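Chemist: I'd like to ask you about the structure that follows.
The values are calculated or read from the model by the stated rules, or taken from the named source; none is laboratory data. For clarity, every value in this text was computed on a predicted model and none was experimentally measured. We place every Cβ from the backbone using ideal geometry, glycine too, and count neighbours over all the protein chains shown.
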Amino acid sequence: MDLVTLLIIGGVVVLVAIVVILLVSKDKGGNMETPPAENPGGDKKESVASKRFKQVLSGSDLSNQMKKEEEEELLTKYTPGTGEGIAEVEKLLVSDPNNVDLLDWLAFMYYSNNDVEKAVETYKRALAIKPSNENQHYYLGNSFFKKGLFAEAQKEWSEVIRLKPNSKIAKNAQERIDFIATSKK
């Protein structure tokens, strides 16, 4: 390679780096104190601007992936007990009523806001779609327990043990079953 070619390649690399830095800093409100690869929460998620830049460079369509990541970000920002986010997840479910992940989040949101009836109903909807989800059986059992329906809770926790017998969640389910058994004595 001759010197001119090397200078052109070097210039393109520097230009791309500058564009990425500008896009990332714009996405973060222009704050240049925090490097683009870092963020205060310790989360290593890529910025929206950086993803869009990669999309343009690759020529691929990342819009569905970005939409899913934005939904996940909405869900992970949820603060239990506040009720915030429930309406947003309910709206997302209107367009995707069989989304087991959204149903799971919504059931958790209901449960953490002491709306146990809706939590039970929502966990049952999710399990009707995917009956082998041990986590949803476990939390449905917790919901039944919170309602004082101990036999139903034991049934759900037993299903967890059947589905994943050597898992940590099965161990937790067995401890809960044992707690009910010892408290009846």
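Chemist: Say we look at the range 7-31 and pick out the residues that are part of a helix (DSSP H, G or I) and touching a Pro at 6+ places or on another chain (Cβ under 8 Å); which of these is modelled with the lowest pLDDT?
Modeler: For the range 7-31, the residue satisfying everything is Ser25.
Chemist: Within the range 162-172, count every residue that is within 23 Å of the chain's Cα centre (by Cα) and either within 15 Å of Asn142 (Cβ to Cβ) or outside any loop (DSSP other than H, G, I, E, B) (or both).
Modeler: Of the residues in the range 162-172, 5 are within 23 Å of the chain's Cα centre (by Cα) and either within 15 Å of Asn142 (Cβ to Cβ) or outside any loop (DSSP other than H, G, I, E, B) (or both).
Chemist: Just wondering, is there one or more residues in the range 111-130 that are of a type in the set (A, V, I, L, M), out of contact with any strand residue (DSSP E or B) (no Cβ under 9 Å at 6 or more places or on another chain), at pLDDT 95 or above and surrounded by fewer than 16 Cβ atoms within 10 Å (Cβ to Cβ)?
Modeler: Scanning the range 111-130 turns up at least one residue that is of a type in the set (A, V, I, L, M), out of contact with any strand residue (DSSP E or B) (no Cβ under 9 Å at 6 or more places or on another chain), at pLDDT 95 or above and surrounded by fewer than 16 Cβ atoms within 10 Å (Cβ to Cβ).
Chemist: From Phe179, Phe150, which residue is of a type in the set (Phe, Trp, Tyr), crowded, with 16+ Cβ neighbours inside 10 Å and over 17 Å from the mean Cα position of the chain (by Cα)?
Modeler: Going through Phe179, Phe150 in turn, just one is of a type in the set (Phe, Trp, Tyr), crowded, with 16+ Cβ neighbours inside 10 Å and over 17 Å from the mean Cα position of the chain (by Cα): Phe150.
Chemist: A follow-up question, please. Among the residues of the range 141-156, is any touching a residue at least 24 places away in the same chain (Cβ under 8 Å), more than 30 Å from Asp96 (Cβ to Cβ) and hydrophobic (A, V, I, L, M, F, W, C)?
Modeler: There is at least one residue in the range 141-156 that is touching a residue at least 24 places away in the same chain (Cβ under 8 Å), more than 30 Å from Asp96 (Cβ to Cβ) and hydrophobic (A, V, I, L, M, F, W, C).
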